[in-house]
Amino acid sequence: MLDQMEFDGKLWLHAGPGGWTFVTLPQDCADQIRFYTGSQKGRAWGMIKVSARIGASTWQTTIWPDKTSGSFLLPVKAAVRKREKIAAGDTASVSLRLLVPPGF
């Protein structure tokens, strides 16, 4: 389904304030998301609600558009990283499900 995808991604630490840890979605996933969701008008800063899973951990969050990569960024919460014993520099298998209707 277009609203669900799985991929492996490397966790990285944002250099700015807050110490956010992200996974950059592969370009083919970003293209599928744009196709499925349509226009980004009406969404705060182009963010898209998702349900994410790494290992046994599932959480709801938003993916953020990233101009640098042309893709989206998935923030990975500290509680998830701790539970799954992963950190920046590790590669994780990610399952992502969009929580928006088609063409939103």
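All of the numbers you see were taken from the coordinates with simple rules; none came from a lab. Because the structure is predicted, anything quoted here is derived from the model rather than measured. All Cβ positions, even for glycine, are placed from backbone atoms using ideal geometry, and neighbour counts span all protein chains on display.
Given 95, 59, 37, which one lies farthest toward the positive end of the charge dipole of the chain, if we put +1 on the Cβ of every Lys and Arg and -1 on the Cβ of every Asp and Glu?
The residue sitting most towards the positive pole is 59.
Tell me the label-point distance for the pair residue 51, residue 87, using the 7 Å Cα-to-Cβ offset, in nm and rounded to one decimal.
3.1
Mind listing the long-range amide H neighbours of residue 76? Cut-off is under 5 Å, sequence gap 5 or more, other chains count too, H placed in the peptide plane at 1.01 Å from N.
21, 22, 23
If you place +1 on the Cβ of every Lys and Arg, -1 on the Cβ of every Asp and Glu, and leave all else neutral, what size is the dipole of the range 49-104 about its Cα centre, to the nearest 20 Debye?
Taking the Cα centre of the range 49-104 as origin, the dipole is about 200 debye.
How high is the FRET efficiency between residue 28 and residue 60 when r is their beta carbon distance and R₀ equals 35 Å, given to the nearest 0.05?
Calculated value: 0.90.
Helix 27-37 against the longest principal axis of the chain: what's the angle in degrees, Cα atoms only, rounded to the nearest 10?
In the chain, helix 27-37 runs at an angle near 40 degrees to the longest axis.
Could you work out how far apart the two model spin labels at residue 95 and residue 79 are, taking each label as a point 7 Å from the Cα in the direction of the beta carbon, and quote it in nm?
So the label points at residue 95 and residue 79 sit 2.0 nm apart.
Provide, for q = 0.09, 0.10 Å⁻¹, the log10 of I(q)/I(0) from a solvent-free Debye sum over equal Cα point scatterers in the chain.
Rounded to two decimals, the profile gives -0.20, -0.25.
List, in order, the whole-Hz ³J(HN,Hα) value for each residue of the range 54-66 obtained from phi through the Karplus relation with A = 6.51, B = -1.76, C = 1.60 and θ = phi - 60°; use x for Gly and Pro.
Rounded to whole hertz, the list is 10, x, 8, 9, 10, 8, 9, 7, 10, 8, 10, x, 10.
State which stretch of the chain is the longest one without any exposed trypsin sites (Lys or Arg not before Pro), exposure meaning a DSSP loop state and at most 12 other Cβ atoms within 10 Å.
Longest site-free region, per DSSP loop and neighbour criteria: 1-40.
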